[in-house]
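Enquirer: Starting off with a structure, shown below.
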Ligand code: SF4
């Protein structure tokens, strides 16, 4: 059950997902970040994403240590992590689906990434799952984790975020217009350089979208993030914003305004 299982997030610490939650549903934001309540379930899509991210990180870590992992090893890693990271609170939101549907999809994503991206990737890895943190003002610190930071074979600095979602985003999206570009700004501070490529790799589509971020653009993005964080800090009201995401919200059993259709009620009944 939901409950105050942990302390609220420090009021000055803002991750990208914190801001995104505030933008999507202020009530969910209040439950999670201000009251420190734990969501009642994790969706199986989130579990799949976590395990795929683990395998990709492992592949590049192995390579950095002189290894040359094949597809079979990557799939064994996937299977092992799928089991190891499975917890009782994983919920299948789409009623009627089985865990096998998702593990099969995850294996396909890993196999495809291994064969079409990893094996031909000649870039250098500088960091994996790197924690980025920067003070934007006395009252706001930005924090986040970059999936992979590296240099292209031509020496250009980059940061890439891996997406397992079914939809390819675009730079006008709240998330994708801000997240990787903001990480790129932090990466320049950490690793030097006057520009950094910010990319999203969409595993389901096998595509990567890059944007070059200059230091000046980085400053603009930080200012934008700061303004959004201040909106959250000064907010006095936290209205529910029911919509399609309610089915995946771990507070949908207690939220008075949750809108969850029967065919997506797996989180409520898990
Ligand atoms: S169930 Fe929907 S409206 Fe309620 S907190 Fe979650 S996302 Fe917001």
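Computed from the coordinates by the stated procedures, all read-outs in this text should not be read as laboratory data. Since the model is a prediction, treat every value here as computed from it, not as a measurement. Cβ placement follows ideal geometry from the backbone for every residue including glycine, while neighbour counts extend to all protein chains displayed.
Enquirer: Please rank 210, 82, fewest neighbouring Cβ atoms within 10 Å first, as an exposure proxy. Walk me through the numbers before you get to the answer.
Expert: Numbers: 210 15, 82 21.
Listed from fewest to most nearby Cβ atoms, that is 210, 82.
Enquirer: Which order do peptides 216-229, 44-57 fall in by mean Cβ count within 10 Å, highest first?
Expert: 44-57, 216-229
Enquirer: Quick one: among 68, 89, 147, which has the greatest mean-square fluctuation in a GNM of the chain with alpha-carbon springs under 10 angstrom?
Expert: Checking each option, the largest mean-square fluctuation is seen for 68.
Enquirer: How far apart, in nm, are two points set 7 Å out from the Cα along the Cα-to-Cβ line at residue 269 and at residue 205?
Expert: Between residue 269 and residue 205, the label points sit 3.4 nm apart.
Enquirer: If you don't mind, there's one more thing I want to ask. For region 209-270, just say rounded, prolate or oblate: build the C-alpha gyration tensor, square-root its eigenvalues into a ≥ b ≥ c, call rounded for a/c under 1.5, and beyond that prolate if a/b exceeds b/c, oblate if not.
Expert: It comes out oblate by the Cα gyration axes.
Enquirer: Please report how far the C-alpha centroid of region 84-108 lies from that of region 206-270, rounded to the nearest whole angstrom.
Expert: One Cα centre to the other: 23 Å.
Enquirer: Answer rounded, prolate or oblate for the chain, using the Cα gyration tensor with square roots of eigenvalues a ≥ b ≥ c: rounded when a/c is under 1.5, else prolate when a/b is larger than b/c, else oblate.
Expert: In terms of gyration-tensor shape, oblate.
Enquirer: Given the alpha-carbon gyration tensor of region 126-233, what are the semi-axes of its equivalent ellipsoid in whole angstrom, ordered largest first, with each equal to the square root of 5 times an eigenvalue?
Expert: 22, 17, 12
Enquirer: Using Cβ counts within 10 Å as a stand-in for footprinting exposure, how do 39, 211 rank, fewest first?
Expert: By the 10 Å Cβ count, ascending: 211, 39.
Enquirer: Here's another thing I want to ask about it. Using label points projected 7 Å from each Cα along Cα→Cβ, tell me how many nm separate residue 100 and residue 233, to one decimal.
Expert: 5.3 nm
Enquirer: With a/c under 1.5 counting as rounded, go ahead and sort region 52-178 into rounded, prolate or oblate using the C-alpha gyration tensor (a ≥ b ≥ c being the square roots of the eigenvalues; past the cut-off, prolate if a/b is larger than b/c, else oblate).
Expert: Here region 52-178 falls in the oblate category.
Enquirer: Where does the chain land at 222 nm, in deg cm²/dmol rounded to the nearest 500, when only DSSP H runs of n ≥ 4 count, each adding -39500 (n - 2.57), divided by all residues?
Expert: Dividing the helical sum by the residues of the chain leaves -13000 deg cm²/dmol.
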